Amino acid sequence: MKNYLTASISESAVRHNIAILRGLIGNDVKLCPVVKDDCFGHGMDILFPVLAELTDGFAVAAPMEALELRSKGYHGFILCFLSAYFDDFKVQDELVWQEITQTVMSNSALASIEASAKRVGKTARVHLKVDSGMGRLGVPAKQAPDLIAAIRDSEYVELSGIYTHFATADERDRTATENQLELFKTILPEQGSLTIHAANSAATLDWPETHFDMVRMGIAIYGCHPSDQLHNRVDLKPCMSVKAKLIAVKHMREGSRSGYGLAHEYKRDSRVGIVPIGYGDGYFRSLSGQAVVRINGRDAPVCGRVSMDQMTVDVTDIPDVKVGDDVEVISSDPSAPNCVENLARLAGTIPYEITCHLGHNMRHRLVD
């Protein structure tokens, strides 16, 4: 962690986003935030109290993320996408003991959880994941009925939910998602109290028919739209802003160059600021020569190549710039040129990657 890099996370923005999303799904559908990878880089430690208060559970990727939530005193629903099939018995047993809902995708996974539940002496609750066309994890839809039957025959495992994941819900063409949805519906039991869920952020925003009993919200919780192709773009508020400090200001003559490869040539006598953030901190090298930061309310273009832990910005047109000034690397204003969604466009990637990469090397603080 670098104390001179600060990610400020707006509590009011998160509360606003959750209220907007609750309005979309209605009172009968549960909202389960996806908090894997440290809340997509936004900081689990600071967001946990807010999310625990406002939502109906948590979804995580890895067993240790689930156990960390339990260590915070959380006793509610936790779904683990990747269970401890390849970890030692102690981890698997702890998941069962701590009543964390695990994902089953195969008979071997079922056998592993079943053996653990028998050792611990508690019933293990599981959700079945169905591959309805993503081509990634999940039991193939045709094999799902047999696996459902096997789980229900188990003395130590209880089937409490079934889910799938969409591959193209964030794209304008609805064909693939429609096909996945229809296939998923064919394997759902006609009766029972199972929790059925399929919708990620994109499907929650664009596909009301996918809401079922619960939605799994990721990037939208944090204020970003999953893509530019959504039909329904609601008033989400990005909750993250990132600031650094200027550590040097220097003069560069017309015709001089700077940075690795001397890639940037100054077309006029210029003043240049050095900002202590780079690709080692998650600020993409591909933003070199494209992005801007903001200093004293003015845009400062990134000039030269972004290095591992620093970059240069042109401050020629910003009066009174001095060492120690705040540098807004990422703005929480969705209309700003240095907002997360615009940086993702410039880098040729998605907002998820921007926030996840930036999160690991920063001091997080909850504001307003």
Subject >> Members of region 19-57 that are part of a strand (DSSP E or B) and either over 30 Å from K90 (Cβ atoms) or touching a Pro at 6+ places or on another chain (Cβ under 6 Å) (or both) >> reply: K30, L31
Subject >> Failed item in (1) closer than 18 Å to V120 by Cβ; (2) in contact (Cβ under 8 Å) with a residue 40 or more places away in the chain, with L95 passing the rest >> reply: (2)
Original post:
Under the condition of being under 30 Å from L230 (Cβ atoms) and free of Cβ contacts under 8 Å to residues at least 24 places away in the same chain, which residue from region 147-173 is farthest from the chain's Cα centre (by Cα)?
Top reply: D173
Subject >> Any pair with Cβ under 6 angstrom, 6 or more apart, that starts in region 121-146 at a residue that is closer than 14 Å to N107 by Cβ and ends at one that is of a type in the set (K, R) and outside any helix (DSSP H, G or I) >> reply: G138/K129
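Residue-wise test of (1) touching a helix residue (DSSP H, G or I) at 6+ places or on another chain (Cβ under 6 Å); (2) among the polar types (S, T, N, Q).
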| site | (1), (2) |
| --- | --- |
| Y260 | no, no |
| V272 | no, no |
| I277 | no, no |
| C303 | no, no |
| M311 | no, no |
| T349 | no, yes |
| T355 | yes, yes |
| L358 | yes, no |
| M362 | no, no |
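Residue-wise test of (1) at pLDDT 95 or above; (2) of a type in the set (K, R); (3) over 19 Å from T6 (Cα atoms); (4) not assigned by TED's automatic domain parsing to the domain that holds I247.
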residue	(1), (2), (3), (4)
S258	no, no, yes, no
R271	yes, yes, yes, no
I277	yes, no, no, no
P301	yes, no, yes, no
V313	yes, no, no, no
D320	no, no, yes, no
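Restricting attention to region 174-204, and to residues there that are hydroxyl-bearing (S, T, Y) and closer than 19 Å to Y352 by Cβ, which single residue is nearest to the chain's Cα centre (by Cα)? Quick ask: steps written out before the conclusion?
Of the residues in region 174-204, the ones hydroxyl-bearing (S, T, Y) are 175, 177, 186, 193, 195, 201, 204.
With the extra rule that they be closer than 19 Å to Y352 by Cβ, the set shrinks to 177, 201, 204.
Details: T177: 21, S201: 10, T204: 15 Å.
Among residues in region 174-204 that are hydroxyl-bearing (S, T, Y) and closer than 19 Å to Y352 by Cβ, the one nearest to the chain's Cα centre (by Cα) is S201.
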Original post:
Looking at A84, is it crowded, with 18+ Cβ neighbours inside 10 Å and modelled with pLDDT under 95?
Top reply: yes
Original post:
Which is on the phi > 0 side of the Ramachandran plot, in contact (Cβ under 8 Å) with a residue 12 or more places away in the chain and surrounded by 21 or more Cβ atoms within 10 Å (Cβ to Cβ), of G218, G223?
Top reply: G223
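The values are calculated or read from the model by the stated rules, or taken from the named source; none is laboratory data. Remember, predicted model here, so these are calculated numbers, not experimental data. Heads up, the Cβs are rebuilt from the backbone with ideal geometry, glycines too, and the neighbour counts pull from every protein chain shown.
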